[in-house]
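Engineer: This is the structure, below, for whatever I ask next.
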Amino acid sequence: MGRGLVAVDPATADTLVAFAAKEGTTADDGASNNSPFTTALLKHLTTPGLDIRIALGRVRDEVRAATERRQEPFVYGSLGGDTVAIVNAPTTTAPSRPSTPPQSAPQDEAAARAWTVIQGTTSEAVLEDFIRQFHSTPYGSMARARLQELKKAKSRWYLRRSRRPHLCGRLLSSRPYRLRPATRAA
């Protein structure tokens with residue numbers, strides 16, 4: 001009786017059998033927790049979107065290199081023409097709007113610095129100016145959202161000056177205002 005495994009001939013279509021060593025040879029156990037074959041399998045079979053035939057070819061090359069060409073993994077069988085991956089490739093989604101040219105890093109940095117200064121503002125004019133300057137940066141989107149939020153709040157609330165009802169609605173003053181919910185006259 002000889003050493004090693006015997007070749008197999010898969011009886012069904014679309015079957016693939018991978019052995020750590022070709023017919024009549026033995027596999028190296030390796031010096032670590034896993035054999036060179038297992039180490040290479042773990043490395044390559046889980047690559048997202050990588051066809052199993054390519055992965056097993058890489059496993060073969062890595063094992064031959066690790067064992068100084070003493071061991072050659074072997075694959076028996078036949079697969080069709082479709083890609084067969086153990087781990088699917090990540091799906092990419094098309095952008096929902098036309099892409100804009102990438103912004104330069106200096107503009108993004110300037111937008112970030114400016115945003116840290118104005119992000120808490122309640123001035124619509126300041127936000128509109130920021131949007132004009134940095135409209136295509138992520139900070140421009142945040143400024144648009146903040147401006148929309150302010151406009152929505154302004155339509156739901158009115159300014160009422162403490163103890164001076166005849167000054168309601170006056171926006172500019174050195175005296176503090178309180179926000180109160182709008183009430184409807186019955």
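No lab work stands behind these numbers, since they all come straight from the coordinates. Bear in mind the structure is a predicted one, so any value in this text is a computation, not a measurement. Reconstructed Cβ throughout: ideal geometry from the backbone, glycine too, with neighbour counts over all protein chains shown.
Engineer: Could you give me the ³J(HN,Hα) list for the stretch 32-38, computed from phi with Karplus coefficients 6.51, -1.76, 1.60 and θ = phi - 60°, whole Hz, x at Gly and Pro?
Structural biologist: 9, 4, 10, 6, x, 5, 5
Engineer: Another one. Could you derive backbone 3J(HN,Hα) for the stretch 55-71 from the dihedral phi with the Karplus parameters 6.51, -1.76 and 1.60 (θ = phi - 60°), listing whole Hz in sequence and x where the residue is Gly or Pro?
Structural biologist: Running phi through 6.51 cos²θ - 1.76 cosθ + 1.60 with θ = phi - 60° gives 4, 5, x, 5, 4, 4, 4, 5, 5, 4, 5, 5, 9, 6, 6, 7, 10 Hz.
Engineer: Taking H as built 1.01 Å from N, whose amide H comes closer than 5 Å to the amide H of residue 15, not counting residues under 5 places away?
Structural biologist: Amide H neighbours of residue 15: 78.
Engineer: Give me the compactness ratio for the stretch 15-78, meaning the Cα radius of gyration over 2.2 N^0.38 Å.
Structural biologist: 1.05
Engineer: For residue 43, list the lysines whose Cα falls under 21 Å from its own Cα; do not include residues on the same chain fewer than 8 positions away.
Structural biologist: Partners within reach: 22.
Engineer: Of the listed peptides 135-148, 79-92, 7-20, what is their order by residue-averaged count of other C-beta atoms within 10 Å, with the highest listed first?
Structural biologist: The most tightly packed comes first, giving 135-148, 7-20, 79-92.
Engineer: Here's a follow-up. Simple spin-label model, 7 Å along Cα-to-Cβ: residue 154 to residue 87 in nm?
Structural biologist: Distance between label points: 5.1 nm.
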